[in-house]
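So the structure is just underneath, and the comments pick up after that.
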Amino acid sequence: MRIGELARVSGLSVPTLRFYEREGLLPSPTRSEGNYRHYSPAQVERALFIRRCRALALSLDELRALLAARDEQACEAVNTLIDRHLAHVQARRRELEALESELQALRARCEGQGDACGILERLATAPLANERPTDVHGRHERN
């Protein structure tokens with residue numbers, strides 16, 4: 001199977017597949033005489049596994065750990081990783097709920113009438129409930 005077909009079957013883009021190869025997550029395929037990539041059924045299955053893990057918002061480091069645990073059939077390591085990821089997701093959900101409340105309160109300050117915008121005034125003059133910079137996409141803690 002060539003890379004375009006693997007992309008179609010796996011739901012991953014060709015650049016993403018190449019990235020996973022460079023990162024060592026997807027083993028390099030054999031090459032034809034014309035230098036086309038040829039993927040084995042095992043590589044197709046691994047690409048699908050990777051896509052499913054990424055759909056769960058697992059980081060590349062977590063994915064590497066899962067792939068290693070999968071190769072070793074190490075369920076305890078997998079459980080630990082998933083428990084840690086679940087705790088991360090729960091913490092992010094709480095942070096996003098707090099952010100949602102803050103944005104709703106901020107939005108309630110302005111109805112778009114008059115000369116002064118209540119939102120801009122609040123942002124310029126008063127501290128918000130959560131002054132900590134945040135990335136709504138989240139970052140995984142390095143352990």
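Residue by residue, here is whether (1) exposed (fewer than 15 other Cβ atoms within 10 Å of the Cβ); (2) in the same structural domain as Ile119 (by TED's automatic domain parsing); (3) of a type in the set (S, T, N, Q); (4) within 24 Å of Gly11 (Cβ to Cβ) holds:
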{"residue": "Leu25", "(1), (2), (3), (4)": "no, no, no, yes"}
{"residue": "Pro29", "(1), (2), (3), (4)": "no, no, no, yes"}
{"residue": "Pro41", "(1), (2), (3), (4)": "yes, no, no, yes"}
{"residue": "Leu48", "(1), (2), (3), (4)": "no, no, no, yes"}
{"residue": "Leu81", "(1), (2), (3), (4)": "no, yes, no, yes"}
{"residue": "Arg94", "(1), (2), (3), (4)": "yes, yes, no, no"}
{"residue": "Glu100", "(1), (2), (3), (4)": "yes, yes, no, no"}
{"residue": "Gln104", "(1), (2), (3), (4)": "yes, yes, yes, no"}
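Contact map, the range 44-72: residues that are under 10 Å from Leu26 (Cα atoms) paired with residues that are among the hydrophobic types (A, V, I, L, M, F, W, C) and loosely packed, with under 15 Cβ neighbours inside 10 Å, Cβ distance under 7 Å, separation 6+ or inter-chain. Pairs shown: Val44/Val9. When the residues of the range 61-91 are filtered to those that are among the small types (Gly, Ala, Ser) and at pLDDT 95 or above, the one that is nearest to Tyr20 (Cα to Cα) is Ala87.
Confirm whether Ala98 is under 22 Å from the mean Cα position of the chain (by Cα), outside any helix (DSSP H, G or I) and either within 25 Å of Arg22 (Cα to Cα) or not hydroxyl-bearing (Ser, Thr, Tyr) (or both). Break it down into steps so the answer makes sense when it comes.
Details: under 22 Å from the mean Cα position of the chain (by Cα): yes; outside any helix (DSSP H, G or I): no; either within 25 Å of Arg22 (Cα to Cα) or not hydroxyl-bearing (Ser, Thr, Tyr) (or both): yes.
When the stated conditions are applied, Ala98 does not pass them.
Return yes or no: is Arg8 over 27 Å from Thr80 (Cα atoms) and either part of a helix (DSSP H, G or I) or not assigned by TED's automatic domain parsing to the domain that holds Leu86 (or both)?
Numbers: over 27 Å from Thr80 (Cα atoms): yes; either part of a helix (DSSP H, G or I) or not assigned by TED's automatic domain parsing to the domain that holds Leu86 (or both): yes.
Yes; evaluated as a whole, the condition is true for this residue.
The values are calculated or read from the model by the stated rules, or taken from the named source; none is laboratory data. What you see is a predicted model, and the numbers here were worked out from it, not measured in a lab. Counting neighbours? That spans all protein chains shown, and the Cβs are built from the backbone with ideal geometry, glycine included.
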